[in-house]
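Visitor: Submitted below is the structure of interest, expressed as structure tokens.
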Amino acid sequence: MSTLKSEDGPLTGVKVVSLAINLPGPAAAARLTALGADVTTVLPPSGDPMQMFQPDWFAQLHAHQELVSADLKTEEGLGVLHELLREADLLVTSSRPSALARLGLDPQSLTSRHPHLCHVAIVGHPGDEAEVPGHDLTYQAVNGLLNPPAMPSTLIADMAGSERAAQEGIAALLQRERTGVASHREVALSEVAETMAEPAKRGLTTPGAALGGGLGVYGLYETKDGWVALAALEPHFAQRAMTELEVDGTPAAFARVFLTRTAEQWEHWAAEKDIPLAAVRTA
């Protein structure tokens, strides 16, 4: 994820305030920053848990932003926030609706006090279920994205949710530009996980399916010292791979050939032949 701020990006001059901690709110704010927005992140007095879990990533996600500490449970803290919102174009939150309502930050109250302000609310579940607790792990579990006992290798719902939140924020700003009316938009992480699970649910990536190992030109293959990922899916790539390797295109044929070299050697070969292949690396 780029954390460089574009000085002449499409969102230059747009002012964003984020109350979101952990993920995906900060990742969404980082994306908006990279597009040129001026982002102020308001942190609670206790800070963001990410500062303890992953301080380097926290710093990266909040680069080129203004960090403000305010206790929103006090009149003074809310005063600081509303002063920021008075000039802001977009607010990003990741709290339950009831928590926002207690602070007078529900959509109706925000519209009444700051009619120009667009709002993206990141929640766990959509609509009336927004109060139901959950996290990336449970969203993946419900949508068949886990393979127990292995834990997920990444936070699919959170990271994809951050991109959707940034997208919804931009959509709200565009709508306001066209109509003059600010809007409240909701991003439900459970729905994001459901979207990310579509390839599996439709059978594309299940074991033995087209993108699940059933095609010889699209799969993982062991080499002399590791593994490579071959993704020669388009006909011209597939034909070139089969011709260059002199194989019939079955997974077994590819498997025999790839065992003859190291992963690095195959990467160099693929670069020369213009074939989509990469060595498998750990995160």
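Visitor: Filter segment 22-40 down to residues that are out of contact with any strand residue (DSSP E or B) (no Cβ under 7 Å at 6 or more places or on another chain) and closer than 12 Å to residue 88 by Cβ, then give me how many there are.
Guide: Of the residues in that region, 0 qualify.
Visitor: Those residues that are of a type in the set (A, V, I, L, M), within 35 Å of the chain's Cα centre (by Cα) and surrounded by 15 or more Cβ atoms within 10 Å (Cβ to Cβ), I need them from segment 227-267; list them, please. Walk me through how you get there before you give the answer.
Guide: Residues of segment 227-267 that are of a type in the set (A, V, I, L, M), as a first pass: 228-233, 238, 241-242, 245, 247, 252-253, 255, 257, 259, 263.
Of the ones still in play, those that are also within 35 Å of the chain's Cα centre (by Cα) are 228-233, 238, 241, 255, 263.
Matches in segment 227-267: 228, 229, 230, 231, 232, 238, 241, 255, 263.
Visitor: Test residue 195 against the criterion of being at pLDDT 95 or above, among the hydroxyl-bearing types (Ser, Thr, Tyr) and part of a helix (DSSP H, G or I), and give yes or no.
Guide: In short, yes.
Visitor: Exactly one of these conditions fails for residue 153: (1) free of Cβ contacts under 8 Å to residues at least 40 places away in the same chain; (2) part of a loop (DSSP other than H, G, I, E, B); (3) over 30 Å from residue 82 (Cα atoms). Give me its number.
Guide: With respect to (1) free of Cβ contacts under 8 Å to residues at least 40 places away in the same chain; (2) part of a loop (DSSP other than H, G, I, E, B); (3) over 30 Å from residue 82 (Cα atoms), residue 153 is out only on (1).
Visitor: Restricting segment 7-21 to residues that are in a loop (DSSP other than H, G, I, E, B) and of a type in the set (Val, Ile, Thr), which is farthest from residue 95 (Cα to Cα)? It would help to see each step written out before you state the result.
Guide: As a first pass, look at segment 7-21 and keep what is in a loop (DSSP other than H, G, I, E, B): 7-14, 19-21.
Now drop any that are not of a type in the set (Val, Ile, Thr), which leaves 12, 14, 21.
Numbers: 12: 27, 14: 23, 21: 9 Å.
Residue satisfying both the conditions and the ranking: 12.
Visitor: Return the only residue of 188, 182 being touching a residue at least 60 places away in the same chain (Cβ under 8 Å), in contact with a Lys or Arg (Cβ under 7 Å, 6 or more places away or on another chain) and not assigned by TED's automatic domain parsing to the domain that holds residue 232.
Guide: Matching residue, one of 188, 182: 182.
Visitor: Another question, then. Right, residue 163: out of contact with any Lys or Arg (no Cβ under 8 Å at 6 or more places or on another chain) and either under 30 Å from residue 88 (Cα atoms) or not assigned by TED's automatic domain parsing to the domain that holds residue 263 (or both) or not?
Guide: No, not satisfied.
The values are calculated or read from the model by the stated rules, or taken from the named source; none is laboratory data. Treat the numbers as computed from the prediction; the structure is a model and nothing was measured. All Cβ positions, glycine included, derive from the backbone under ideal geometry; neighbour counts span all protein chains shown.
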